[in-house]
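The values are calculated or read from the model by the stated rules, or taken from the named source; none is laboratory data. Remember, predicted model here, so these are calculated numbers, not experimental data. Reconstructed Cβ throughout: ideal geometry from the backbone, glycine too, with neighbour counts over all protein chains shown.
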Amino acid sequence: MQIIEAAVKIIAENGYHGSQVSKIASKAGVADGTIYLYFKNKEDILVSVFKEKMGQFIDKAIESINKQKNAHDKLLVLIEMHFKQLAEDHSLAVVTQLELRQSKIDLRIQINGILKPYLTVIDTIIMEGIQEGFYQKDLNTPLVRQMIFGTMDEIVTNWVMKEHRYDLMEQASGVHSLLTTGLSVNK
């Protein structure tokens, strides 16, 4: 949807609070009133951006992960895809890593709800890794999920804050190695 793409660009350029709906409409090539046919307000646009982009990402991730033979490889693919999506769209990276971090509790609740299916994908990989004998049997799945997601999230946030001065994709194998070393069964 062209409004979503325009919103990503405008919010990345101006920040959430500095982005007017009129700027988003102009960038999308639609009248201001058209925006309100699809969205209640600017906050609804921000949530919709995340919902649309996260939904697309989760669908692609599940498809790619399901082609892998084991949890070890699935986790690597997930990390690579996470980094790739944001490395290829700097505006989206700015929006997801900086602008979605709003202090309003109802906005945080909506964002967390959208994020749940992604966290479930991570949980599934962890549980498969345990079943396959790759990962320790006594892992605390919610804790490990937060470690995996939190690590990826922080790596991308740091990359955004450093204005993309290094190759984000080059970080994927190192992140995967560090995470799986900690999760692996000692043999």
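Take the residues in the range 16-45 that are in a loop (DSSP other than H, G, I, E, B), crowded, with 18+ Cβ neighbours inside 10 Å and not hydrophobic (A, V, I, L, M, F, W, C), then tell me which one is modelled with the highest pLDDT.
Checking each candidate, the answer is Ser19.
Scanning the range 1-15 for residues that are buried (at least 16 other Cβ atoms within 10 Å of the Cβ) and charged (D, E, K, R), which turns out farthest from Gly113 (Cα to Cα)?
Ranking the candidates gives Lys9 first.
Only one residue in Glu80, Glu52 is touching a residue at least 60 places away in the same chain (Cβ under 8 Å), acidic (Asp, Glu) and either closer than 20 Å to Asn14 by Cα or part of a helix (DSSP H, G or I) (or both), so which one is that?
None of the other options fit; the residue is Glu80.
For the range 132-156, give me each residue that is closer than 13 Å to Leu183 by Cβ and either at pLDDT below 95 or surrounded by fewer than 14 Cβ atoms within 10 Å (Cβ to Cβ) (or both).
Scanning the range 132-156 gives Glu132, Gly133, Phe134, Tyr135, Gln136, Lys137, Asp138, Leu139, Asn140, Leu143.
Considering only the range 46-71, state which residues are in contact with an Asp or Glu (Cβ under 8 Å, 6 or more places away or on another chain) and surrounded by fewer than 19 Cβ atoms within 10 Å (Cβ to Cβ).
Listed by number, the list holds a single entry, Asn70.
Within the range 83-114, restricting attention to residues that are among the acidic types (Asp, Glu) and assigned to a helix (DSSP H, G or I), which residue is nearest to Thr181 (Cα to Cα)?
In this case the residue turns out to be Glu99.
Under 7 Å between Cβ atoms, which residue pairs at least 6 apart in sequence (or on different chains) link something in the range 101-130 that is within 17 Å of Lys53 (Cα to Cα) with a partner that is part of a helix (DSSP H, G or I) and aromatic (Phe, Trp, Tyr)?
Correct list of pairs: Ile111/Phe50; Ile114/Phe50; Leu119/Phe149.
For residues that are under 22 Å from the mean Cα position of the chain (by Cα) and among the small types (Gly, Ala, Ser), tally how many sit in the range 20-72.
Looking only at that region, the number is 5.
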